[in-house]
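Structure first, commentary second.
The values are calculated or read from the model by the stated rules, or taken from the named source; none is laboratory data. Predicted model only: the values in this text are computed from it and were never measured. Glycine gets a Cβ as well: all are built from the backbone with ideal geometry, and neighbour counts include every protein chain shown. What goes into the accessible areas is simple: the full protein's heavy atoms, side chains included, and nothing from ligands, DNA or RNA. Shrake-Rupley method; radii C 1.70, N 1.55, O 1.52, S 1.80 Å.
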Amino acid sequence: MISFAPRRAALFSLLGALLLGAPAPLAAQYFGRNKVQYEKFDFRIMRTSHFDMYFYPAESLVVHDAGRLAERWYTRHSDSFRHTFDRKSVVFYADHPDFQQTNVVGEAIEEGTGGITEGLRTRVVMPFTGVYADNDHVLGHELVHVFQYSVAENGPGGLARLNALPLWLIEGMAEYFSLGRDDPLTAMWLRDAAERDNLPTIKQLTNDARFFPYRYGQALWAYVGGRWGDRAVVDVYRTSLRIGFEEGIRRVLGISTDSLSKDWIAATRRAYLPVLEGRTRPNGAGEAILQTGRKTGDMNLAPTVSPDGKLVAFFARRSLFEIELFVADAQTGRVIKKLAGPTSDSHFDAISFISTSGAWSPDNAKFAFVAQAEGNHEIAILDVNSGSIERRIRVPGVGSVSHIAWSPNGQTIAFSGMAGGISDLYLLDLAAGTVRQLTNDRNADLQPAWSPDGKTLAFSTDRGTTTDFTKMVFSPLQLATIDIATGQISVFSPFPRGKHLNPQYSPDGKSLFFISDQDGFSDIYRLQLAGGSVTRVTRLSTGVSGITAISPALTVAPTTGRMLFSVFQDQGYAVYALDSMRTRGEPLVLGVNIADAGVLPPGDTPGRATVTNYLQDPTTGLPTGEDFSNAPYHSVFALDAVGQPQIGVSAGGPFGTGVAGGVSFLFGDQLSDRQVGLGVQANGTVQDIGAQLVFQNLKHRWNYGASIQHIPYLTGYYTGGPIGQGFYEQDLVLQRIFIDAAGFSASYPFSSTKRVEVGLDATRLGFSTQVQRLTVDGAGNVYDQQVFDTTSRAPIYYTEASLALVGDASYSAFTGPIQGSRYRFQVTPTVGTLNFTTLLADYRKYLFVRPITFAFRGLHYGRYGKSADDSTTLWPLFLGEESLMRGYSVGSFSQAECGTTSGISSCPAFDRLLGSKLAVASFEIRIPVFGVPEYGLFNVPFLPMTLAPFVDAGVAWTGNTTPSFSQNNQTNPNYRTPVFSTGLSARWNVLGYAILESYVAHPFQRPGKGWIWGFQLVPGW
């Protein structure tokens, strides 16, 4: 990086804002994690009546089915919204690891994201889940957003009005319109809140992040639909776009948000509290093993008990950031160690935890789990005692793996895998490394479990009698077994309604434990395989559940029969245990109306239950798909967005007539693999018009881009005085610098945390000086006006090449990083009019000891070579920049510190901060004072604040001076001694948009100064 006078500024902010969402290699971010395009996708287009479906060949079958589902949803939603549109795009990925590589959205995608509707072109992007019913739900949910966008775009205020609406309104509406009101998962959340007397008001839903907007928003809209009719939901949305949601609710429903909150809460309590009588509260589910809390977090997921029943492996977030794998004592719950996780093993991008659990080897010595690395799922096997990964297995052709099971003889691992968007069962021979596919069809085959004799697998499947792929209707998950030798499948449907999942064999192999919500409550049952009788093991007021409705939540020790399961409790997940004597179950008594526990109150309004009616009608709007057409995908640029134009005109004045303003455009292809940004900015006359053109290609693992720009800088100053005979001259000197540059850059990510960057730039700096002379008499009358050019310095030409190694495995909280590490090592040779090489080494480490972080930084930045100290052209580096050293900023110096020197530029106290090289070391103790209960001493989530006592140290030097720690060299001009400061920093997160740091620092090398205050807008380093 080179700085000239005046220094470079951040130009074309409009263009930068448009490109902000993309992982742009051009203005290569200093730090930051990488979004890696591990795989190459050969996209095609399938065209339906209203959608362009983007897919790659492996997905052909399931995409054709998805096209039929999309058209059915279009019919439903267009009727609900009373709105139509011509064509929209849906981009499908075969599995979640592929989906996480998409460029349609620039930010990283977590495992919990099931789909995205982006705002530039209103494109839906989603992966297939392996379960057709889930695909249908996610697609229906995202297409609600498409209609929401389309309605907003066609109304006054556009998308700005949509962005002003609360998340519960937007997401809750999408959940309700895609799932309806018969939803035991959301009902479980409501029962939990009602039992704790903690149902949220609309104000709390809007402002308090503790209340999940999807679940509670769905329930609130279900109440509105049940009381006023489902049409009222859309009427409230449309009206809210115009006048805000509070007034929109009042205008449409005739009731205030406060009154609506009270009525909804009362109706929810009336619906659920009576059916909870006689049921076990969550904290009485069994022996408490893993509880929720401030230190333990609110998630203890997918417990897997060891064969001997002594240990339990589970997933939890104990470090605030990533879900990681732990092992605990299965009797006491004492956590023994962390087994694996991305914060401790950089080989993994993430550990899969939502739809999978791990598996113990029969000898209790090893544990297998599903990890994500290099764009695919893989099975990792670790030694429990040492915690080391012994083997990593990637199954060719299988991009996603869920729920694995280790055979009783230890030779085989069974798993559910996805290929082409379809889930099937597979067997992995550990010795030979070969894979056998057990099932091969469109049915969902999930959560395999071995029988004690190793001859049979039990699993969950949608092979129920109601599944019909012609009509696109799908059975709730049933129980099934498959004979390993013959492939014979037997389906068990203990209940006529509800899900049946997470089967686990009893130690004698005669029974299957499973989870079902047949009565609206998610409980554990026991099925006798021979006679088909069913007993109830739990009878909870909330439910046995993981994060989703089909997440694994149950485990049984093969030798002891001890059962562990996760229970939804206080909006979190705790693990309880039952010994084998308590798992026999009680006789099942089926209630008549008890199923209402899974229905969101108050029920349907007769004649106005639009959502319930269309969910029960599979044929209306469902096409055969015979008229769908396929075409190759070609990358074609189209306008994605326009930055807010700005324009102004000036007339007269010292700078004359001119125009000021700017506009920017972003163009991209349909998959956002290639993008072009154009920015134009004016700040005066024609010669003050600048432009920048940026191109980037993100399609492959090598991300690359190019840019060309013409940037004018205009500065000026006044000079003048008397010229005799009563006349005066006033000169306005206008100085312009023209930066003409072209560049190429590329980056190659080795992983999500490490990359290499290369770049090549050629730059010409041109200079011009214009004088506007005004001659006036003593009365101020203009006597003469002249405009002329004067001699300017010769142009400067230079070329820069750069090579950088960048790593970022840090995790940030509200005001800066608090855990992990970062580094950047870069070399940048410059040749041309100037010849020197810039070296940069920046390393940062963050040690998190909850809730405090110990942060360390060491940095060196220096120019070396012939022109390194050319003060006639280069601005010197300044050690006192507040982001480097606090207490030595430019504005804090005064003439008094310079003794008898004539100007600040020759002030020794200031000059020792200038140089061509500098080194900095910093240390902070970051204390989260205001924040959230998980990270903050006080719960003030709307204005998080971190206090940080700090020590900064640094030294600047040149080629003619040398750093020295000797006290004897402090006044020797040939040496530069370090400077130090200490103080207290307070960083505030201002509404999530900016980090404001205020600090007080004591600079030790400024004897005339005590404490210095400072402010800057910058996150913690």
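Things to note:
- Label-reachable residues, segment 541-565, where backbone N falls under 18 Å from a point 7 Å from Arg582's Cα toward its Cβ: 541-545, 554-558, 560-565
- Gain in span if fully extended, Thr685 to Glu374, counting 0.36 nm per residue against the direct Cα distance: 106.8 nm
- Cα gyration tensor shape of segment 115-209, rounded if a/c is under 1.5, else prolate or oblate by comparing a/b with b/c: oblate
- Virtual spin-label span in nm between His710 and Val890, 7 Å along Cα→Cβ: 2.9
- Scaled against 2.2 N^0.38 Å for its residue count N, the alpha carbon radius of gyration of segment 209-251 is 1.18.
- DSSP beta bridges in segment 45-181 [antiparallel fraction, %, rounded to 5]: 40
- As a rough guide to protection, the peptides 153-166, 798-811, 125-138 ranked by mean Cβ packing within 10 Å, highest first, stand as 125-138, 798-811, 153-166.
- Cβ-Cβ FRET estimate between Ala266 and Gln1016, R0 fixed at 45 Å, reported to 0.05: 0.35
- Highest average first, the peptides 350-358, 80-88, 743-751, 628-636 ordered by how many other beta carbon atoms sit within 10 Å of their residues are 350-358, 743-751, 80-88, 628-636.
- Long-range amide H partners of Asp640 with built H, under 5 Å: Leu666, Phe667, Gly668
- Long-range HN-HN contacts of Lys88 with modeled amide H, under 5 Å: Phe51, Asp52
- The coefficient of translational diffusion for segment 299-402, derived via Stokes-Einstein from the alpha carbon Kirkwood radius under 20 °C and 1.002 mPa s, stands at 157 µm²/s.
- Alpha-carbon centroids, segment 822-862 and segment 672-731: separation in whole Å: 29
- The HN-Hα couplings worked out from phi for segment 614-621 by the Karplus form 6.51 cos²θ - 1.76 cosθ + 1.60 (θ = phi - 60°) are 6, 5, 8, 10, x, 9, 5, x Hz, whole numbers, x standing for Gly and Pro.
- Theoretical gain in end-to-end length, Arg436 to Ala209 [0.36 nm per residue, Cα-Cα removed]: 77.1 nm
- Averaging the Cα positions of each part gives two centres, and for segment 148-217 and segment 248-312 these lie 17 Å apart.
- Whole-percent carbon and sulfur share, accessible surface of the chain, 1.4 Å: 55
- Here the Karplus relation 6.51 cos²θ - 1.76 cosθ + 1.60, evaluated at θ = phi - 60°, turns the backbone of segment 736-744 into coupling constants of 10, 10, 10, 9, 10, 9, 9, x, 9 Hz, with x for every Gly and Pro.
- Extension reserve of the Thr799-Ile852 stretch, reckoned as 0.36 nm per residue once the Cα distance is removed: 14.6 nm
- Of interest is the spacing of the C-alpha centroids, which for segment 355-408 and segment 472-516 amounts to 24 Å.
- Taken along the Cα-to-beta-carbon direction at a fixed 7 Å, the label points for Leu947 and Leu167 span 3.0 nm.
- With R₀ set to 22 Å, the beta-carbon distance separating Asn835 from Phe767 gives a calculated FRET efficiency near 0.65.
- Computed from phi, the 3J(HN,Hα) profile of segment 949-956 under the Karplus parametrisation 6.51, -1.76, 1.60 (θ = phi - 60°) reads x, 9, 9, 10, 9, x, 8, 10 Hz, with x in place of Gly and Pro.
- Between amide H atoms placed 1.01 Å from N, distances below 5 Å from Gln569 occur with Ala574, all of them 5 or more places distant or on a separate chain.
- Accessible surface calculations at 1.4 Å, restricted to protein heavy atoms, place the chain at 41 Å² per residue.
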